[in-house]
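Here the structure comes first, spelled out in structure tokens, and everything after it is commentary.
The values are calculated or read from the model by the stated rules, or taken from the named source; none is laboratory data. Keep in mind that what you see is a predicted model, and the values were worked out from it rather than measured. Cβ coordinates were reconstructed from backbone atoms using ideal geometry, including for glycine residues, and neighbour counts include every protein chain displayed.
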Amino acid sequence: MDSLWESIGAAPAEGGSPAGGRDAAEERGGLSAGRPSTTQERAIDSMDSGGSSEPARGLIVRTDGAARGNPGPASLGVVLIDSSSAGARKPDAAPIASVSEYLGTQTNNVAEYTAVLRALALAEELGARELDLLLDSKLIIEQLHGRWRVKDSKLTPLHAEAKERLARFARWTATHVPRAQNKQADALCNEAIDRAQAGGPRVVVVRPK
């Protein structure tokens, strides 16, 4: 299984550079290529999401990607919710894990797809077997279901990886939802850009204790 830690920071974002010119490994709380150091891992895992440490068999996945300009400074937000919890499909349902990541300069669609990949990697690490993706990107929903072709060459490898990762789960669904129902992931996008531009870490991952 590919580790989430190997998929984050493995290469600089296309056209982008780390916040403040620093490598992600140098940023407190950030993640370098490969697994983070023990210190980094403790810092990330110590953020209590309020969720159980037991792996969730089913997860609700909400993601968002943003670019201020297209292309422009870009980011992603991921929210994972235990599907067995009360009100799991509500937009304000409490997550058990999340990701907020600055991507450098990217297009909005690249950011959207990268958010899905981060979500799938983290869900797999947490032991999920079933996923329900609730996304506000109509493009991604239609392409994952094979109803729309992938015409943008930048999206082709991202789409292929998403399909390969989805195939590892016993069941998955992908449903389009209005943007207004995706405010948690959207907020994580904005936090990532603002945080990185202020010299903070590119990536913040919150995991169950």
A careful count of residues in the range 140-177 that are in contact with a strand residue (DSSP E or B) (Cβ under 6 Å, 6 or more places away or on another chain) and over 20 Å from ARG57 (Cα atoms) gives 3
Scanning the range 162-176 for residues that are closer than 12 Å to ILE140 by Cβ and in contact with a Lys or Arg (Cβ under 9 Å, 6 or more places away or on another chain) gives HIS176
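Let's see how each residue does on (1) touching a Phe, Trp or Tyr at 6+ places or on another chain (Cβ under 7 Å); (2) of a type in the set (A, V, I, L, M):
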| residue | (1), (2) |
| --- | --- |
| LEU120 | no, yes |
| GLU125 | no, no |
| LYS138 | no, no |
| GLU142 | yes, no |
| ALA162 | yes, yes |
| PHE169 | no, no |
Cβ pairs under 6 Å, 6+ apart or interchain, first in the range 172-184 and among the basic types (Lys, Arg), second part of a loop (DSSP other than H, G, I, E, B), ordered by first then second residue, are ARG179/ASP136
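Just checking, does the range 74-86 include any residue being surrounded by fewer than 22 Cβ atoms within 10 Å (Cβ to Cβ) and either over 27 Å from GLU164 (Cα atoms) or at pLDDT below 95 (or both)?
To start, the set of residues in the range 74-86 that are surrounded by fewer than 22 Cβ atoms within 10 Å (Cβ to Cβ) comprises 83-86.
When the remaining residues are screened for being either over 27 Å from GLU164 (Cα atoms) or at pLDDT below 95 (or both), the result is 85-86.
Yes: one or more hits.
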Note on GLU142: of the conditions (1) within 13 Å of the chain's Cα centre (by Cα); (2) of a type in the set (D, E, K, R); (3) assigned to a helix (DSSP H, G or I), unmet is (1)
When (1) within 14 Å of the chain's Cα centre (by Cα); (2) closer than 30 Å to ALA198 by Cβ; (3) buried (at least 18 other Cβ atoms within 10 Å of the Cβ) are applied to GLY104, the one that fails is (1)
Of (1) at pLDDT below 95; (2) in contact with a helix residue (DSSP H, G or I) (Cβ under 8 Å, 6 or more places away or on another chain), ALA185 fails just (1)
Among (1) touching a strand residue (DSSP E or B) at 6+ places or on another chain (Cβ under 9 Å); (2) closer than 24 Å to ARG68 by Cβ; (3) surrounded by fewer than 18 Cβ atoms within 10 Å (Cβ to Cβ), GLY199 falls short only on (1)
Log entry, pairs with first residue in the range 156-169 being at negative phi and buried (at least 16 other Cβ atoms within 10 Å of the Cβ), second being at pLDDT below 95 and not in a helix (DSSP H, G or I), beta carbons closer than 9 Å, six or more apart or on different chains, reads ARG165/ASP2
Within the range 161-199, residues in a loop (DSSP other than H, G, I, E, B) and hydrophobic (A, V, I, L, M, F, W, C) come out as ALA167, PHE169, ALA170, VAL177, ALA198
